[in-house]
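Report on the structure given below.
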Amino acid sequence: MKLFLFDFDGVIVDSLAVYEKTVKDNLQKINQPIVQTREEFLELFEDNFYESLKNKGIDLDVFMKAAEDILAQVKIRDMKPFPGIAPVLEALHKNHCLIVVSSNDCASIKEALDIFNYDGYFKEILGSDFMFSKKEKILYAANKFQVALQDIYYIGDTTGDIKEGKQAGVKTVGVTWGWHSKEKMAAAGPDFLFDNPRELMQLN
């Protein structure tokens, strides 16, 4: 059995506009509007999202507290699953263990998976309310499900995802249909770089 750890936003669902607005609104709410453009927003994901915020002077406790009201207003149905991802999840989950490892909150992810009928594919959701570090979430999953690091794949769409996957010692899979450009993802040096969801079947 292999362990497939999927980032959520930008890999499973197209949620860039929704998530960008959520973060901007939240920063505005705490009077620290450090993100004005999409480019500035995407820069936060060149490393761990929460570490990037902290490095820019954001108090994460204040940010997360303010996010409670903002997240309650998010319209999950405005997110759309990427074409072609459903049959891949269906095929992989039959023989392997699938988990979501994300910077998003568990409740929003679960609601989206329920709406898209993807909830049966994943054994667990490890979101921001579990812990901030994706590296630590990856290692937690490896230990809980007792899978060797060489049999674990972390699938992400940002350079920060690839960095944390490498730090955890697992195989990294960059996808180019998400938030960061193909050029950025290639420069991060993932073990695999895929342009289409069906290419993930090569890992089955």
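The values are calculated or read from the model by the stated rules, or taken from the named source; none is laboratory data. Everything numeric in this text was worked out from a predicted model, so none of it was measured. Counting neighbours? That spans all protein chains shown, and the Cβs are built from the backbone with ideal geometry, glycine included.
Worth pointing out:
- Picking from residues in region 72-87 that are surrounded by fewer than 16 Cβ atoms within 10 Å (Cβ to Cβ) and closer than 19 Å to Ile12 by Cα, the one that is nearest to the chain's Cα centre (by Cα) is Lys80.
- Among the conditions (1) under 15 Å from the mean Cα position of the chain (by Cα); (2) without any contact (Cβ under 8 Å) to a residue 40 or more places away in the chain, the only one that Tyr140 does not satisfy is (1).
- Some residue of region 135-142 being surrounded by fewer than 21 Cβ atoms within 10 Å (Cβ to Cβ) and either outside any helix (DSSP H, G or I) or at pLDDT below 95 (or both): no
- The test for being in contact with a Pro (Cβ under 6 Å, 6 or more places away or on another chain) and crowded, with 20+ Cβ neighbours inside 10 Å holds for Ile162.
- Looking across Ile109, Ile115, one residue alone is out of contact with any Asp or Glu (no Cβ under 6 Å at 6 or more places or on another chain), among the β-branched types (Val, Ile, Thr), without any contact (Cβ under 8 Å) to a residue 60 or more places away in the chain and not assigned by TED's automatic domain parsing to the domain that holds Phe49. It is Ile115.
- Considering Asp161, Asp195, Asp105, the condition of being modelled with pLDDT under 95, in contact with a helix residue (DSSP H, G or I) (Cβ under 8 Å, 6 or more places away or on another chain) and not aromatic (Phe, Trp, Tyr) is satisfied by Asp105 alone.
- Within region 7-24, residues that are among the polar types (S, T, N, Q) reach partners that are surrounded by fewer than 24 Cβ atoms within 10 Å (Cβ to Cβ) and in a helix (DSSP H, G or I) with beta carbons closer than 6 Å, at six or more positions or on different chains, in the pairs Thr22/Ile70.
- Residue count for region 66-94 under the criterion of being in a helix (DSSP H, G or I), modelled with pLDDT under 95 and either of a type in the set (S, T, N, Q) or under 15 Å from Pro197 (Cα atoms) (or both): the result is 0.
- Enumeration of residues in region 134-160 that are of a type in the set (D, E, K, R) and touching a strand residue (DSSP E or B) at 6+ places or on another chain (Cβ under 7 Å): Lys134, Lys137, Asp151, Asp157
- Val147 being surrounded by 20 or more Cβ atoms within 10 Å (Cβ to Cβ), in contact (Cβ under 8 Å) with a residue 40 or more places away in the chain, over 16 Å from Gly10 (Cα atoms) and among the hydrophobic types (A, V, I, L, M, F, W, C): no
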